[in-house]
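The values are calculated or read from the model by the stated rules, or taken from the named source; none is laboratory data. Source: prediction; values computed, not measured. Here the Cβ positions follow ideal geometry from the backbone for every residue, glycine too, while neighbour counts run over all protein chains shown. Side chains included, ligands, DNA and RNA excluded: accessible areas come from the protein's heavy atoms. Shrake-Rupley method; radii C 1.70, N 1.55, O 1.52, S 1.80 Å.
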Amino acid sequence: MVNYKDLGLVNTREMFKRAVNGGYAIPAFNFNTMEQMQAIVQAAVETKSPVIMQVSKGARNYANATILRYMAEGAVAYAKELGCEHPEIVLHLDHGDSFELCKDCIDMGFSSVMYDGSSLPYEENIRISRQVVEYAHKYDVTVECELGVLAGVEDEVASEVSHYTKPEEVIDFATRTGCDSLAISIGTSHGAYKFKPEQCTRDPKTGRLVPPPLAFDVLAEIEQKLPGFPIVLHGSSSVPQDEVDTINKFGGNLPDAVGIPEEQLRKAAKSAVCKINIDSDSRLAMTAAIRKYLAEHPDHFDPRQYLKPARENMKKMYIHKIVNVLGSDGKLAE
Ligand code: G3H
Ligand code: 13P
Ligand code: ZN
């Protein structure tokens, strides 16, 4: 058993309180590789932002659970080495699908976990969420739970259709589970294809898809039922079209990839939404840079040569999100 406090990590409680009161959101970036970890830490240190580094079940399968945990411990040391005396880094389990997985992460030093029972019947979701909360709170680990279903397909997270969170359920759910934050469904979804072309209109000038707006009326109702309660938005990549264009130009094939417009995320961040999850944008930034580099340097084969611009491109994207979309720059406690 390792407690996250001994690793220099923090839970989400205080940073969420400040974010809700300050009208901004904390970035939650997924990581699977060393380069993503480095880029996240560099971006957080340069912008003086708290940051949530999150690990999915798929990431644990890919990189190995122990390695990822040590990488997060290394992230704290790296942030200090980069000049940040008191970094605020959360190590968070993304989309935990069982009590056992959440417990395993808590026992190995995670400071925050998500239990995602959103696809289960309501009462079953409450029962397991409550079980996770009871265990986590013994160690002062914070817990995110989810109500409402996001559409989209990832390695371990898949649903054909989305169901908006029902505002009339949120008070009962939050009270009975005791969760510290609530992930809701208001029209975001996972991956780089968030909307089908038939759900969008098409900009006649650019030919690009224009997605339907998020359900801000549902968000407002939830906020009104749970004033000041930390709300989380998953599936919040914007799918930057310049990265998609670069990928397609250098051999990729991502037709009609579309995300959540940043303007809408900015609006959400000013409300009770205090954690915004971004994974796909990092994948796109990495892939675009690697495709471009390899196309332009067909004789290079040292991974450091193409992973360096990939890391730079991800860092640029993380900084942009922190400063121009979420507004968490300069928001460290001290
Ligand atoms: O919400 C899902 C995250 O993007 C993680 O995706 O399960 O493919 O690692 P993954
Ligand atoms: P994106 O696929 O939009 O990046 O969402 C990531 C996410 O919600 C991780 O939990
Ligand atoms: Zn998610």
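The table below gives the values:
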read-out: Test for Ile322: is it in contact with a strand residue (DSSP E or B) (Cβ under 6 Å, 6 or more places away or on another chain), in a helix (DSSP H, G or I), open to solvent by less than 60 Å² (accessible area, probe 1.4 Å) and not basic (Lys, Arg); value: yes
read-out: Strands (runs of 3 or more DSSP E) wholly inside the range 145-259 that include at least 3 residues being farther than 26 Å from Leu326 by Cα and in contact with a strand residue (DSSP E or B) (Cβ under 7 Å, 6 or more places away or on another chain); value: none
read-out: Where His234 falls short, out of the listed (1) closer than 30 Å to Gly22 by Cα; (2) free of Cβ contacts under 8 Å to residues at least 12 places away in the same chain; (3) not charged (D, E, K, R); value: (2)
read-out: Which listed residue, of Lys331, Lys315, is open to solvent by 20 Å² or more (accessible area, probe 1.4 Å), in a loop (DSSP other than H, G, I, E, B) and in contact (Cβ under 8 Å) with a residue 60 or more places away in the chain; value: Lys331
read-out: Top-ranked residue of the range 242-263 - restricted to ones that are without any contact (Cβ under 8 Å) to a residue 60 or more places away in the chain and touching a Gly at 6+ places or on another chain (Cβ under 9 Å), ranked as farthest from ligand 3 (Cβ to nearest atom); value: Thr246
read-out: The listed residue being crowded, with 24+ Cβ neighbours inside 10 Å and more than 16 Å from ligand 1 (Cβ to nearest atom), out of Val20, Val45, Val41; value: Val41
read-out: Filter result (of a type outside the set (A, V, I, L, M) and surrounded by 23 or more Cβ atoms within 10 Å (Cβ to Cβ)) within the range 227-259; value: Pro230, His234, Gly235, Ser236, Ser237, Ser238, Glu243, Gly259
read-out: Search result, residues across the range 260-293 that are open to solvent by less than 40 Å² (accessible area, probe 1.4 Å), assigned to a loop (DSSP other than H, G, I, E, B) and farther than 19 Å from Glu243 by Cα; value: Ser271, Ala272
read-out: Lone qualifier among Pro309, Pro303 - being free of Cβ contacts under 8 Å to residues at least 60 places away in the same chain and in contact with a helix residue (DSSP H, G or I) (Cβ under 7 Å, 6 or more places away or on another chain); value: Pro309
read-out: So Ala25, is it touching a helix residue (DSSP H, G or I) at 6+ places or on another chain (Cβ under 9 Å) and over 16 Å from Ala79 (Cβ atoms); value: yes
read-out: Single residue of the range 86-126 satisfying the filter (within 16 Å of ligand 2 (Cβ to nearest atom) and of a type in the set (S, T, N, Q)) that is nearest to Glu169 (Cα to Cα); value: Ser118
read-out: Output for the range 116-144, where each listed residue is among the aromatic types (Phe, Trp, Tyr) and without any contact (Cβ under 8 Å) to a residue 40 or more places away in the chain; value: Tyr135
read-out: Qualifying residue in the range 191-208 (condition: aliphatic (A, V, I, L, M), within 16 Å of ligand 1 (Cβ to nearest atom) and surrounded by 13 or more Cβ atoms within 10 Å (Cβ to Cβ)); value: yes
read-out: Residue check for Ala28: part of a helix (DSSP H, G or I), open to solvent by less than 30 Å² (accessible area, probe 1.4 Å) and in contact with a Lys or Arg (Cβ under 6 Å, 6 or more places away or on another chain); value: no
read-out: Pair list, Cβ under 6 Å, 6 or more apart: the range 13-32 residue of a type in the set (D, E, K, R), other residue surrounded by 16 or more Cβ atoms within 10 Å (Cβ to Cβ); value: Arg13/Thr142
read-out: Any chance Val51 is closer than 25 Å to Asp104 by Cα, in contact with a Pro (Cβ under 8 Å, 6 or more places away or on another chain) and at pLDDT 95 or above; value: yes
read-out: Some residue of the range 154-173 being among the basic types (Lys, Arg), modelled with pLDDT of 95 or more and either crowded, with 22+ Cβ neighbours inside 10 Å or more than 16 Å from ligand 3 (Cβ to nearest atom) (or both); value: yes
read-out: Residue among His86, His95 that alone is farther than 22 Å from Leu307 by Cα and out of contact with any Lys or Arg (no Cβ under 7 Å at 6 or more places or on another chain); value: His86
